Amino acid sequence: MITIPTSSFPGGTSKFDPRCFSVSRGARVTIENDHSAFHTFTVTDTGIDIEAPANQTVDGGAIDVSPGTYAVVCTRHPSMTASMIVV
Ligand SMILES: [Cu+2]
């Protein structure tokens with residue numbers, strides 16, 4: 001479960017919580033967007049691009065990529081980043 005906290009804005013920096021996490025290959029991820037803005041969970045150099053509408057929890061599907069460390073970003077807010085380690 002990746003959370004985008006409700007307190008992300010205003011006055012703060014939007015973020016993923018946790019900022020660094022590991023998942024087993026093939027595991028499903030859930031994105032809980034508790035914030036009042038649209039965000040994405042986009043994994044660089046993969047086809048993973050999950051839209052997380054405001055105040056919704058979405059099933060991100062299975063993470064089926066090779067083991068390694070990946071950069072995660074919100075395409076709407078480039079300062080919103082995280083690291084995903086696939087094992
Ligand atoms: Cu965002």
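Any read-out appearing in this document is the output of simple, stated calculations on the displayed coordinates, not a laboratory observation. For clarity, every value in this text was computed on a predicted model and none was experimentally measured. Ideal geometry is used to build each Cβ from the backbone, glycine not excepted, and the neighbour counts take in all protein chains shown.
Each peptide in 34-46, 51-63, 18-30 was scored by the mean count of other Cβ atoms within 10 Å over its residues; highest first, the order is 34-46, 51-63, 18-30. Its relative contact order, with pairs defined as Cα atoms under 8 Å and 6+ residues apart, puts segment 2-86 at 33 percent. Less than 5 angstrom separates the built amide H of V65 from those of G26, all sequence-distant by 5 or more or on a different chain. For segment 2-86, the Cα gyration tensor yields ellipsoid semi-axes of 21, 13, 11 Å (square root of five times each eigenvalue, largest first, whole Å). Its Cα centre serving as origin, the chain has a Cβ charge dipole (Lys and Arg +1, Asp and Glu -1) of approximately 180 debye. Ordering M1, M84 from the fewest to the most neighbouring beta carbons within 10 Å gives M1, M84.
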